[in-house]
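K.L.:
Encoded as structure tokens, here's the structure I'll be asking about.
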Amino acid sequence: MPLMSVENLEITYMALGGRIKAVDGISFSLEQGEWMTVVGESGSGKSTLAYAIMRLVPPPGKITGGKIVFDGMNLLELDKEKLRKIRGKEIAMVFQDPMTSLDPLRRVGDQAAELFVEHEGLDMEEAKKRAEEAMRSVRLPQHVLNSYPHQLSGGQRQRVMIAMAMSLRPKLLIADEPTTALDVLVQEGIMELLNSMKEEGTSILLITHDLSLAANWSDRIMVMYAGRLAELGNTEDLVERPLHPYTKGLLDSVPDLWSDKEVKPIEGNPPDMRYPPPGCRFHPRCPMAMEICSKKEPPILSIDKRIVSCWLMAKEGGKA
Ligand code: ATP
Ligand code: SF4
């Protein structure tokens, strides 16, 4: 049984000027110890999906349909108390800006220790020892414990967040653009930390717009476009043989250090989600679009170990 299965998830923002279905019928599963990365341009619904798993979709957003089954429980049916126990301990989340999760007025060590008091019932002395261990495990110097968050660099703050997330050994870690604000070397260090969590059995769900990061670190990649799943597959297969024109467009738009291939950005922009185009939402930008594409939504097809939603693949005999 997978650690988590998301079934037909729908998340709607009741925004002024119209409803936005930011996540529209997404289904996938995640195995224990698997690293899946969700990619897509800005506004495709990646962060909304991540927040939904923590049941933290900000208002005016609402989960309007579907199921998220985690370790046998439908997270959408849990009461507040059960959710509080699961957050941090079973499912941890790391955000792009660690300052959103750290209290600026309290020392890092006190905040880390509090986690162990709350989730493991330790007394303060024991909890402080665990906080020290946690910082050591991500190679942060001990003085960090006596520092306030603003006294640390962005990379150090992100390491603090990961140390806190790691130390409770969650079954799932969700990381939403954790390295976007950091330079490449620091980014590599953070990815290595996530990978060490994976090696100890934690499943990783990484959200990023950076396809090269996804290609370098994940077992599987899910490509989202305008709230829908475009393609999902094993990293190597998907990168070497993309089936969906949008995946191909994303791959063509990133430079490859090892070849002199031409970089070609995808023309046009993602749609205004208040008025998504009919049929396949990618059709106004798709170089392969056919007549049916603007009329009918493509089916979600299973081809070998790949899931893809495109009329081209339906013609080639993919199974719905
Ligand atoms: P990014 O990479 O820019 O973070 P994303 O893929 O994570 O983008 P989301 O942030 O999940 O996308 O947004 C998905 C859609 O939901 C967008 O069309 C966005 O305009 C809309 N949306 C997000 N937050 C809100 C909100 N608070 N109110 C109204 N609409 C929102
Ligand atoms: Fe392009 Fe049509 Fe496939 Fe959409 S369904 S990606 S428009 S070919």
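Values in this text are rule-based calculations from the coordinates and carry no lab data. Remember, predicted model here, so these are calculated numbers, not experimental data. Virtual Cβ from ideal backbone geometry, glycine too; neighbours counted across all protein chains shown.
K.L.:
What nm distance separates the two modelled labels at MET290 and SER29, each placed 7 Å from Cα along Cα→Cβ?
P.N.:
3.1
K.L.:
Let me ask you something else. What residues have an amide H closer than 5 Å to that of LEU3, excluding those fewer than 5 places away on the same chain, when H is modeled at 1.01 Å from N in the peptide plane?
P.N.:
LEU30, GLU31, GLN32
K.L.:
Continuing with the same structure: Within region 170-201, report the GluC sites (Glu not before Pro) that DSSP leaves as loop and that have at most 16 other Cβ atoms within 10 Å. Could you put the intermediate results ahead of the total?
P.N.:
Details: sites: GLU188, GLU192, GLU199, GLU200; in loops: GLU200.
Within region 170-201, the qualifying GluC sites (Glu not before Pro) (loop, at most 16 other Cβ atoms within 10 Å) are GLU200.
K.L.:
Okay, moving on. In straight Cα distance, which lysines are under 24 Å from LYS295, not counting same-chain residues fewer than 8 positions off?
P.N.:
LYS21, LYS248, LYS315, LYS319
K.L.:
Can I ask one more? At a Förster distance of 25 Å, what's the computed FRET efficiency of LYS315 paired with GLU240, Cβ-Cβ distance as r, to 0.05? Show your work: numbers first, answer last.
P.N.:
On the way: r = 22 Å, r/R0 = 0.87.
Step by step, r from the Cβ atoms, then E = 0.70.
K.L.:
Are there any chymotrypsin sites (Phe, Trp or Tyr not before Pro) in region 239-304 that are in a DSSP loop and have at most 13 other Cβ atoms within 10 Å? List them by number.
P.N.:
Of the chymotrypsin sites (Phe, Trp or Tyr not before Pro), the ones in loops of region 239-304 whose Cβ has at most 13 other Cβ atoms within 10 Å are TRP258.
K.L.:
Within region 81-107, whose backbone N sits under 20 Å from a point 7 Å along Cα→Cβ of GLN151?
P.N.:
98-107
K.L.:
Roughly how many nanometres apart are two label points built 7 Å out from the Cα toward the Cβ at SER42 and ASN269?
P.N.:
Reported label-point gap for SER42 and ASN269 is 0.9 nm.
K.L.:
Something else about it: Pull up all non-local amide H partners of GLY25: gap of 5 or more, or a different chain, and H-to-H distance under 5 Å with H placed in the peptide plane.
P.N.:
LEU9, GLU10, ILE11
K.L.:
Could you list ASP183, ASP260 so that the one with the fewest beta carbons within 10 Å of its beta carbon is first and the one with the most is last?
P.N.:
Values: ASP183 10, ASP260 6.
Taking fewest neighbouring Cβ atoms as first place, the list is ASP260, ASP183.
K.L.:
Quick check on packing: order 229-241, 135-147 by the mean number of other C-beta atoms within 10 Å, highest mean leading. Each step should come with its number before you reach the end.
P.N.:
Numbers: 229-241: 19.5, 135-147: 16.0.
Result, highest mean first: 229-241, 135-147.
K.L.:
So what is the diffusion coefficient of region 91-169 in µm² per second by Stokes-Einstein at 37 °C and 0.692 mPa s, using a Kirkwood Rh over Cα pairs?
P.N.:
Numbers: Rh = 12.2 Å.
Taking Rh from Cα pairs, D becomes 269 µm²/s.
K.L.:
How do 6-13, 157-164, 174-181 rank on mean C-beta neighbours within 10 Å, highest first? List each step's numbers first, then the result.
P.N.:
Details: 6-13: 18.8, 157-164: 25.0, 174-181: 21.2.
Most protected by this proxy first, the peptides run 157-164, 174-181, 6-13.
K.L.:
Give, in nm to one decimal, the length gained when the segment between GLU120 and ASP97 is fully stretched (0.36 nm per residue of separation minus the Cα-Cα distance). Please list the in-between numbers first.
P.N.:
On the way: separation 23, 0.36 × 23 = 8.28 nm, distance 2.62 nm.
Difference between extended and current length: 5.7 nm.
K.L.:
How much length is gained if the chain between LEU185 and GLU81 is pulled fully straight, taking 0.36 nm per residue apart and subtracting their Cα-Cα distance, in nm to one decimal? Numbers along the way, then the final one.
P.N.:
Numbers: separation 104, 0.36 × 104 = 37.44 nm, distance 3.97 nm.
That works out to 33.5 nm of additional length.
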